[in-house]
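Notes to accompany the following structure.
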Amino acid sequence: MSRRVVRQSKFRHVFGQAAKADQSYEDIRVSKVTWDSSFCAVNPKFLAIIVEAGGGGAFIVLPLAKTGRVDKNYPLVTGHTAPVLDIDWCPHNDNVIASASDDTTVMVWQIPDYTPMRNITEPIITLEGHSKRVGILCWHPTARNVLLSAGGDNVIIIWNVGTGEVLLSLDDMHPDVIHSVCWNSNGSLLATTCKDKTLRIIDPRKGQVVAERFAAHEGMRPMRAVFTRQGHIFTTGFTRMSQRELGLWDPNNFEEPVALQEMDTSNGVLLPFYDPDSSIVYLCGKGDSSIRYFEITDEPPFVHYLNTFSSKEPQRGMGFMPKRGLEVNKCEIARFYKLHERKCEPIIMTVPRKSDLFQDDLYPDTPGPEPALEADEWLSGQDAEPVLISLRDGYIPPKHRELRVTKRNILDVRPPSGPRRSQSASDAPLSQQHTLETLLEEIKALREQVQAQEQRITALENMLCELVDGTD
């Protein structure tokens with residue numbers, strides 16, 4: 001008599017639970033734009049949701065603690081002249097968010113820690129380079145201020161947000177609309193899916209396709225792809241008969257899938273949210289009322305079904321909290337922010353444990369808010385793994401850090417035109433025109449001016465906080 005052996009896994013009993021009614025965010029007019037993005041982005045400080053807005057595109061940013069009914073006059077982030085299609089928080093600064101729009105622009109915003117009195121209308125910087133709508137945004141996981149955008153012009157642009165410059169432009173790699181883009185863990189490669197049904201692995205700095213697979217899923221509906229911890233590619237798509245399907249692929253051998261599973265028949269695109277610390281992938285379909293989750297391992301069948309969280313209401317979008325924003329004392333391993341038509345509801349995924357002590361096996365060191373590289377270092381060819389932090393004592397978000405944008409003057413790098421003239425005394429280098437004492441005095445005076453301005457800004461911010469506290 002054979003006896004079935006149950007697979008050992010600490011995540012076999014993960015269960016999902018919706019937060020109580022008073023922990024939801026009510027009366028939010030979630031966007032009705034027909035676009036397959038998540039419409040929601042969250043970090044340990046803020047929740048951002050794309051909303052309906054007249055006369056252009058907008059999204060709302062709420063502090064995580066501001067649950068309950070949201071005032072209809074609550075300030076929005078407005079500035080786009082057409083609907084916002086995607087938003088993404090910077091992984092290295094919890095106060096910085098990027099937005100992409102149908103108006104062909106990408107805008108980067110600084111969100112204050114206090115509640116603003118009126119709409120935020122001025123971005124830190126506007127990035128203009130696409131000729132059609134911009135529908136995909138993705139920050140680099142390890143390099144400071146590096147942002148990727150993909151548009152309806154089938155072009156991927158990688159920006160240095162700190163200077164507003166285009167670092168790289170990948171023009172000729174996709175013959176049709178790009179459906180998804182994902183960095184690997186150290187930001188050296190991209191995985192992209194396209195309407196031409198091809199899954200591509202791209203080295204952006206070399207500007208070449210490293211590997212590609214045609215018809216990873218044979219259906220015509222959009223496909224999604226994410227890198228796993230092991231370097232594999234996890235994909236979701238559709239069969240020829242419009243059944244939803246998931247796949248696991250080895251980029252070194254794209255001929256045969258590592259795993260391929262049919263799921264169900266539905267029109268909703270499955271959005272994969274992957275947690276590299278636990279190697280669990282959560283699948284959320286737009287229009288579905290459930291979240292399915294699977295564990296990816298090195299043992300056959302490689303993609304192991306764990307469970308399904310089901311609810312009554314269909315989801316319009318979904319936000320996924322980074323690991324550093326979870327409550328470790330409650331054994332919380334994931335938290336979603338489910339968008340309904342008029343509200344946002346947190347859904348908490350928990351591993352049941354009897355002990356209240358810190359669970360080392362559930363919480364390995366996880367990527368923190370510090371970048372491992374500068375933009376120029378990454379562009380020159382350097383790679384680095386994310387800077388990890390421990391969650392043993394919980395995570396406290398750092399204080400407000402301002403993103404400074406320094407636009408370079410194009411005239412400084414443009415070669416001189418016309419014949420070169422001989423150098424006169426007035427053309428001599430700065431070091432020869434000024435004595436050392438003069439330079440030191442100028443530097444000291446400038447520093448004093450900057451210091452005075454910073455003190456003035458701090459005083460104004462304190463006054464504003466006092467006014468806000470008084471009105472509350």
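Odds and ends about this structure:
- When region 258-285 is filtered for residues that are in a loop (DSSP other than H, G, I, E, B), open to solvent by 40 Å² or more (accessible area, probe 1.4 Å) and not β-branched (Val, Ile, Thr), the ones remaining, listed by number, are 267, 276.
- Top-ranked residue in region 188-197 [being within 19 Å of the chain's Cα centre (by Cα) and not in a strand (DSSP E or B); ranked as surrounded by the fewest Cβ atoms within 10 Å (Cβ to Cβ)]: 188
- Restricted to region 176-187, and to residues there that are over 18 Å from residue 249 (Cα atoms) and outside any strand (DSSP E or B), the residue that is least open to solvent (accessible area, probe 1.4 Å) is 187.
- Residue that is most open to solvent (accessible area, probe 1.4 Å) [pool: residues in region 198-228 that are of a type in the set (Lys, Arg) and at pLDDT 95 or above]: 206
- Selection status of residue 42, farther than 28 Å from residue 293 by Cα and either of a type in the set (D, E, K, R) or modelled with pLDDT of 95 or more (or both): no
- Test: residue in region 12-21 that is open to solvent by less than 10 Å² (accessible area, probe 1.4 Å) and in contact (Cβ under 8 Å) with a residue 60 or more places away in the chain: yes
- The residue of region 80-134 that is farthest from the chain's Cα centre (by Cα), among those that are charged (D, E, K, R) and not in a strand (DSSP E or B), is 118.
- Scope region 135-175; condition over 27 Å from residue 222 (Cβ atoms) and not in a strand (DSSP E or B); matching residues: 142, 144, 145, 161, 162, 163, 164
- Selection from region 237-250 of residues that are open to solvent by less than 10 Å² (accessible area, probe 1.4 Å) and either over 13 Å from residue 296 (Cβ atoms) or outside any strand (DSSP E or B) (or both): 237, 238, 244
- The residues of region 256-284 that are under 18 Å from residue 219 (Cα atoms) and touching a residue at least 60 places away in the same chain (Cβ under 8 Å), listed by number, are 269, 271.
- Pick from region 301-320, criterion open to solvent by less than 60 Å² (accessible area, probe 1.4 Å) and not in a strand (DSSP E or B), ranking: nearest to residue 31 (Cα to Cα): 315
- Residue in region 391-414 that is open to solvent by less than 70 Å² (accessible area, probe 1.4 Å) and at pLDDT 85 or above present: yes
- Within the option set 149, 131, being among the polar types (S, T, N, Q), farther than 23 Å from residue 398 by Cα and open to solvent by 20 Å² or more (accessible area, probe 1.4 Å) holds for one residue only, 131.
- In the set (1) closer than 26 Å to residue 268 by Cα; (2) without any contact (Cβ under 8 Å) to a residue 60 or more places away in the chain; (3) not in a loop (DSSP other than H, G, I, E, B), the condition left unmet by residue 47 is number (2).
- Tallying residues that are touching a helix residue (DSSP H, G or I) at 6+ places or on another chain (Cβ under 7 Å) and either at pLDDT 90 or above or of a type in the set (Ser, Thr, Tyr) (or both) within region 349-380 yields 4.
- Set 293, 274: member being hydroxyl-bearing (Ser, Thr, Tyr), more than 22 Å from residue 181 (Cβ to Cβ) and at pLDDT 95 or above: 293
The values are calculated or read from the model by the stated rules, or taken from the named source; none is laboratory data. All figures in this text were calculated on a predicted structure; none of them were measured in a lab. Please note: Cβ atoms are built from the backbone with ideal geometry, for glycine as well, and neighbour counts cover all protein chains shown. Remember, those area values only see protein heavy atoms, side chains included, never the ligands or the DNA or RNA. Shrake-Rupley method; radii C 1.70, N 1.55, O 1.52, S 1.80 Å.
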